[in-house]
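Down below is the structure, laid out as structure tokens.
The values are calculated or read from the model by the stated rules, or taken from the named source; none is laboratory data. This structure is a prediction, so every number in the text was calculated from the model and none was measured. Positions of Cβ are backbone-derived with ideal geometry, glycine not excepted, and every protein chain shown enters the neighbour counts. Just the protein is used for accessible areas: all its heavy atoms, side chains included, with ligands, DNA and RNA removed. Shrake-Rupley method; radii C 1.70, N 1.55, O 1.52, S 1.80 Å.
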2 protein chains.
Amino acid sequence: MDLWFTEKQTEKFGITAKVKQTLHTEQTDFQKLDMIETEEWGNMLVLDGMVMTTQKDEFVYHEMIAHVPLFTHPSPKHVLVVGGGDGGVIREILKHKQVEKATLVEIDGKVIEYSKKYIPKIAGALDDPRVEVKVADGFKHIAESKRAYDVIMVDSTEPVGPAVGLFTKGFYDGISKALKEDGILVAQTDNPWFKADLIKQVYGDVQEIFPITRLYTANIPTYPSGLWTFTMGSKIHDPLKVKEERFTEIETNYYTKELHYASFALPKFVKDLTE
Amino acid sequence: MDLWFTEKQTEKFGITAKVKQTLHTEQTDFQKLDMIETEEWGNMLVLDGMVMTTQKDEFVYHEMIAHVPLFTHPSPKHVLVVGGGDGGVIREILKHKQVEKATLVEIDGKVIEYSKKYIPKIAGALDDPRVEVKVADGFKHIAESKRAYDVIMVDSTEPVGPAVGLFTKGFYDGISKALKEDGILVAQTDNPWFKADLIKQVYGDVQEIFPITRLYTANIPTYPSGLWTFTMGSKIHDPLKVKEERFTEIETNYYTKELHYASFALPKFVKDLTE
């Protein structure tokens, strides 16, 4: 039998991947969780039918959401990840020696459990002594945090299901308060081909709260359209004016110092969403 | 009936698009040609089962293969396109006022015929008086041309079927001879996720012939992996050292001056293919 997993990324378009086997499938308290072994991308975490991460291309998303803000901040000591239960962002954060503590607040403990079991190269970092893992509501955690973090990364699912609240202005406002006086927010903000309105809305909201707001992109083949955006809100530090000596050597497969800057150069139709 | 077109971009992965209707299907002398109307991407030209261009995302490929070399060259007067029977590259070339003549050499007249019929906004430029269209073998045309062109663009299909010869060192060597003494070659060279070896090989070949060899990328959602590469070989002019006044105003939807430079900043795993 030939088994294929198809994600309809829109009602009219999708990707399809040949499946070796289903490793786990479960309706958690929050979402449908599937872990499948695909032939092209290795093990793949799927939430509510949407690809979250795969062994083969996960490095792009995780490096780009983490290193761009972390190199922008001159001294990131305490970093918060909202969502990101697969652990990939945490793994990248830990490559920065200055980080003393990385806190992960993931609403769905099952994501953590099955990521540790089936994608350990991604999730293994969650057991590091510098990491604090909380299975809790990220929205609430933000509301209860004041001037606590240097960098906050919103590694959420798409704005359906449990992540809806993570794309609201109230949430970004809470993040601003949860950040220290020179803190930085970065959030994954979907793709400009199918979700232009969302990017425009989030960019506008973040811009009303943060003095420096910038959009950057990365190529993620298993995500809709392959072109992903991240929205950064920063109180003081400009990602386009990083001091040269700040770029210390870390091992990456996608991020480079040149790409740090280049990722902010937007295609015209994407740039238009920010104006 | 729900109709979906699926392109297996590898044996184990592909894209799938909902189809309104098939507009034309034919086995030409060179390849299987399908023109379909899709719901997400509008009309779509498919050759040998591979998406060549769609109404919705065609601007990315056509702008990026054309404007990067044309702004790099200080005075491109005569430009050759090998392949590209859909006419999109020609349309972009004509945006440059200095271009006196754009020659298209397409091996398959049927591609031109059905592009004019079903994707006229892409192919309409082929009727411009500055354009010369030849239905002929691009490999032969190159072998017979000496110091004739300022810029040569290889807008071929993937290296299967009629395009195999267009990915050989002998072909790039012929292009070098067909170019004037300060000429520029640019070729589409597939994607780094599934065709890393091809990129490495072409880059190495071009580098042995052209003093300045550079790789750049663009996001094309309907092409495999969404991350496309172009290889540029230049005799004198460096795409990273364009004189500021050279960037004249043209209307684009993807290309910008900033992106011109940024597109050469490669993800680490892609950069590694060029070293």
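Across identical copies of the chain, A:D173 has label-point separations of 6.9 nm, listed in ascending order, with the point defined 7 angstrom from Cα along Cα→Cβ. The fraction of all Cα pairs in the protein assembly as shown landing in successive 10 Å bins from 0 to the largest distance is 4, 18, 27, 25, 16, 8, 2, 0, given as whole percents.
Averaged per residue, chain B has 37 square angstrom of accessible surface, using a 1.4 angstrom probe with ligands and nucleic acids left out. Helix B:169-178 and the longest principal axis of the Cα set of chain B meet at an angle near 60°. With a cut-off of 9 Å between beta carbons, the residues surrounding B:E181 carry a summed charge of +2, where Lys and Arg count +1 and Asp and Glu -1. When A:Y223, A:Y216 are compared by accessible surface with a 1.4 Å probe, the order from highest to lowest is A:Y223, A:Y216. The accessible-area ordering, largest first, of the residues B:I107, B:I236, B:I142 stands as B:I236, B:I107, B:I142, per a 1.4 angstrom probe.
Partner shielding of B:225-234 amounts to 3, given as the average count of beta-carbon atoms from other chains within 10 Å of each residue beta-carbon.
Averaged over the residues of A:211-220, the number of partner chain Cβ atoms lying within 10 Å of the residue Cβ comes to 2.
For the stretch B:4-54, the dipole from Cβ point charges (+1 on Lys and Arg, -1 on Asp and Glu) about the Cα centre works out to 160 debye, to the nearest 20. If you line up the long axis of helix A:196-209 against the longest principal axis of chain A, both from Cα atoms, how many degrees apart are they, to the nearest 10? On a 0 to 90 degree scale, this one is about 30. Starting from the label point of A:K8 at 7 Å along Cα→Cβ, the same points in the other copies fall at 2.4 nm, in ascending order. Using a cut-off of 20 Å between Cα atoms, the listed pairs A:K77/A:K180; B:K241/B:K268; A:K95/A:K195; A:K8/B:K18; B:K20/B:K56 include B:K241/B:K268; A:K95/A:K195 as exceeding that distance. Rolled with a 1.4 Å probe across the full set of protein chains, the surface gives B:T10 an accessible area near 20 Å².
List the trypsin sites (Lys or Arg not before Pro) within the stretch B:179-259 that fall in a DSSP loop (any state other than H, G, I, E or B) and whose Cβ has at most 16 other Cβ atoms within 10 Å. Answer by residue number: B:K235, B:K241, B:K243. Modelled spin labels at A:A196 and B:D197, positioned 7 Å past Cα toward Cβ, are 4.0 nm from each other.
Report the residues of the stretch B:164-183 in range of a label on B:Q207: point 7 Å along Cα→C-beta, backbone N strictly under 19 Å from it. The answer is B:167-173, B:176, whose backbone nitrogens lie closer than 19 Å to the label point.
Rounded to the nearest 10 degrees, the inclination of helix B:58-72 to the longest alpha-carbon principal axis of chain B is 10 degrees. Each other copy holds its own label point for B:K257; taking that point as 7 Å from Cα along Cα to Cβ, the gaps run 2.6 nm, nearest first. A simple spin-label model places pseudo-atoms 7 Å from Cα toward Cβ; at A:T6 and A:T248 they are separated by 4.9 nm. The H on the amide N of A:K32, modeled in the peptide plane, is under 5 Å from the matching H of A:D48, each at least 5 residues off or on a different chain. Site pair A:L94 and B:R147 shows an inter-label distance of 6.3 nm when each label is modelled 7 Å from Cα along Cα→Cβ.
With respect to the axis relating copies B and A by rotation, the chain B residue whose beta carbon is closest, plus that distance in Å, is B:G226, 1.
Counting Cβ atoms of other protein chains within 10 Å of each Cβ in B:3-10 and taking the mean gives 3. Each of B:S145, A:I236, A:H141 was scored by the projection of its Cα onto the charge dipole of the protein assembly as shown, and the greatest displacement toward the positive side belongs to A:I236; charges sit on the C-beta of Lys, Arg, Asp and Glu. Apolar share of the accessible surface for the stretch B:38-168: 54 percent from carbon plus sulfur atoms, 1.4 Å probe. When chains A and B come together, the accessible area they lose, probed at 1.4 Å and totalled over both chains, is close to 3300 Å².
Calculated mean residue ellipticity, 222 nm, the protein assembly as shown: -7500 deg cm²/dmol, from DSSP H runs (n ≥ 4) at -39500 (n - 2.57) each, averaged per residue and rounded to 500. The 1.4 Å probe gives accessible areas that order A:D2, A:D48, largest first, as A:D2, A:D48. Panel note: the C-alpha atoms of the stretch B:132-275, placed on their principal axes, show extents of 38, 37, 30 Å (largest first).
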